Amino acid sequence: MMNVQQAIEKFRTFSPQEKMDMLVHLAHALTILARDTYIVTGEGVAEPARLRRITEVQHRLLGALIALMKQETTRYPDEVLVRLVLEHSDDQGLQDQLLETFHHLTAQLAAVITSQRHRADGE
């Protein structure tokens, strides 16, 4: 599994479109992580503090996505954004889940990029 610094370095290599793709998929993955906070047999929340953290991460991530889509120059630098999303010293379990998810998604995105480049080279 990658660490935060490796995640920053990987994210920096992506084009703006690839960054948008990554952030959309990460936002989707956050909704799945949030399900772990629910009470299994009822309507309540078993881990409200973690759910709030996930919601805050999603808020920051989607704000960054909007800024990228609008090509705003005042958006978070890549390093700051990745740290905001991945670093959670108050919840090591969440941090580990986010790092694992980020690693998985970057691997998927890299495979798609490689496939697209091969198709472009073959045409």
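The numbers here are math on the coordinates, done by the rules we state, and not lab data. Keep in mind the model is a prediction, meaning the values are calculated, not measured. Note that we place each Cβ from the backbone using ideal geometry, even for glycine, and neighbour counts take in every protein chain shown.
Here are the numbers:
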item: Size of electric dipole in the chain: Cβ of Lys, Arg +1 and of Asp, Glu -1, about Cα centre, debye, nearest 20; result: 260
item: The chain: most fluctuating residue of Gln71, Gln58, Gln97 per GNM, C-alpha cutoff 10 Å; result: Gln71
item: Calculated Cα extents along the principal axes in Å (choose from [x] 54, 32, 25; [y] 127, 14, 11; [z] 63, 35, 19), label; result: [x]
item: Fewest-first ranking of Met22, Met69, using other Cβ atoms within 10 Å as the exposure measure; result: Met69, Met22
item: Placed amide H near Val45: partners under 5 Å, 5+ positions off or other chain; result: Ile39
item: Ordering of 101-113, 40-52 by burial proxy (mean other Cβ atoms within 10 Å per residue, highest first); result: 101-113, 40-52
item: Linear extension gain, Thr55 paired with Gln116, 0.36 nm per residue minus alpha-carbon span; result: 18.6 nm
item: Protection proxy ranking, peptides 80-90, 10-20, average beta carbon neighbours within 10 Å, highest first; result: 80-90, 10-20
item: Under 9 Å, Cβ to Cβ, from Ala64 - net charge with Lys/Arg +1 and Asp/Glu -1; result: +3
